[in-house]
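The values are calculated or read from the model by the stated rules, or taken from the named source; none is laboratory data. The shown structure was predicted, so the numbers you read here are calculated from the model rather than taken from an experiment. Note that each Cβ is placed from the backbone with ideal geometry, even for glycine, and that neighbours are counted across all protein chains shown.
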């Protein structure tokens, strides 16, 4: 629910803006014991956006179904007295108390405040909320909106307005795990007493005990020392109550272990390659600023496992089509041709991976054509209902996806499929999404304790000195 400064015992009335319901259809049930009020103009705006196949249209239709079911389940309750939101069959959370839902049954105020001269939907919502506040002496009236400008205008006219916080995965993005732990200098002195080690099929395992192990999660990486062969780096395979089982990582910083000609240039890239090439890891999330190597490492690992090891049938790459600037309109061609302008990162990194220092132009063209037969570019619009078997699925720019969209994509994975989510949560272009409510943040947080997933935050840019300076100073 929206965060407020009042004591929890104070029952409040929350007036919802249209964009809150468009963003989260279940917002009606997210305010615990407090009451919810829907102005008539909100229902009018919902009606205008119900047609289409977009995420917003689907959410609006879901809101309409919720409202219809609530009214049907309370046939003898006058709407002006409020209907119970205790919808066990609609939104199952029996431990949470529910308030009532009120609709606007009286005409909207004829006169807006003097400093709100236009009769826009936003100003009408503010006027309705102000009238409710003036009539409600026993409780606080709070306007909840994802629209910053609406909240500013509401505060100007003396109305309490807040953002919708229930969609936030974390209170602070700094709480997001980075995917690895640096071991202290005295780690082996405090944790090496009961250590056990063994080998299985050329793999080295350790069983570690000690106070630090209680804070580690399966799929995370522990690291001691610097980069390269001199340090100890291992992935946590299993976590029990009194110990963890870890497996040492491969060193992909050495040229002899290059992946499609690519070597890890820093410790975090080495961790990422280990996760990307690990058949026991089904989901990998990579966060990092521009130039940290997310796409290049992912594509190199995908090609190695698809072309060389034949572990996957093909690589599928998709991303949300949110433009940075003005939309250029409809694009001609097939699905892949329409998606091609959005896949510049794929083409740029393919050029690095497939262009040798020597070789004929014809040979390079033949190589590119052969590789593209193994790489499919798909649109998010056609993902619903599909199942991918033995595929290497790359979700680029995942920070622009909602949690619901991320769930739709990841649940497409069938047996033998690996999903890799890439993104930079500091560059979100989707309206109403923030660093703490992004689908990428949601996935990192929800999968952080699963032993078949892994996450790494890449921290050092490797694109060029110009790109690194620009990332830090612009």
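Matching residues to (1) surrounded by 16 or more Cβ atoms within 10 Å (Cβ to Cβ); (2) part of a loop (DSSP other than H, G, I, E, B); (3) at pLDDT 85 or above; (4) assigned by TED's automatic domain parsing to the domain that holds residue 380:
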site	(1), (2), (3), (4)
31	yes, yes, yes, no
43	yes, no, yes, no
52	no, yes, no, no
57	no, no, yes, no
87	yes, yes, no, no
102	yes, no, yes, no
111	no, yes, no, no
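Out of all the residues in the range 123-141, is one or more at pLDDT below 80, more than 23 Å from residue 10 (Cβ to Cβ) and either touching a helix residue (DSSP H, G or I) at 6+ places or on another chain (Cβ under 7 Å) or not assigned by TED's automatic domain parsing to the domain that holds residue 320 (or both)?
Start the filter on the range 123-141 by keeping residues that are at pLDDT below 80, which leaves 137-138.
Then keep just the ones that are more than 23 Å from residue 10 (Cβ to Cβ); that gives none.
The answer is no, given that none of the residues of the range 123-141 is at pLDDT below 80, more than 23 Å from residue 10 (Cβ to Cβ) and either touching a helix residue (DSSP H, G or I) at 6+ places or on another chain (Cβ under 7 Å) or not assigned by TED's automatic domain parsing to the domain that holds residue 320 (or both).
Each residue in the range 189-217 was checked for being surrounded by 10 or more Cβ atoms within 10 Å (Cβ to Cβ), farther than 14 Å from residue 247 by Cα and touching a helix residue (DSSP H, G or I) at 6+ places or on another chain (Cβ under 9 Å), and 6 of them qualify. The condition of being farther than 25 Å from residue 85 by Cα, crowded, with 18+ Cβ neighbours inside 10 Å and in contact (Cβ under 8 Å) with a residue 12 or more places away in the chain holds for only one of 170, 132, 116, that being 116. In the range 256-285, the qualifying residues are those that are free of Cβ contacts under 8 Å to residues at least 12 places away in the same chain and under 21 Å from residue 351 (Cβ atoms), and the one that is surrounded by the most Cβ atoms within 10 Å (Cβ to Cβ) is 263.
Applying the criterion of at least 3 residues that are under 28 Å from residue 437 (Cα atoms) and in contact with a strand residue (DSSP E or B) (Cβ under 9 Å, 6 or more places away or on another chain) to the strands (runs of 3 or more DSSP E) found wholly in the range 151-258 leaves 180-182.
Residues that are crowded, with 22+ Cβ neighbours inside 10 Å and more than 10 Å from residue 285 (Cβ to Cβ) within the range 410-423 comprise just one, 418.
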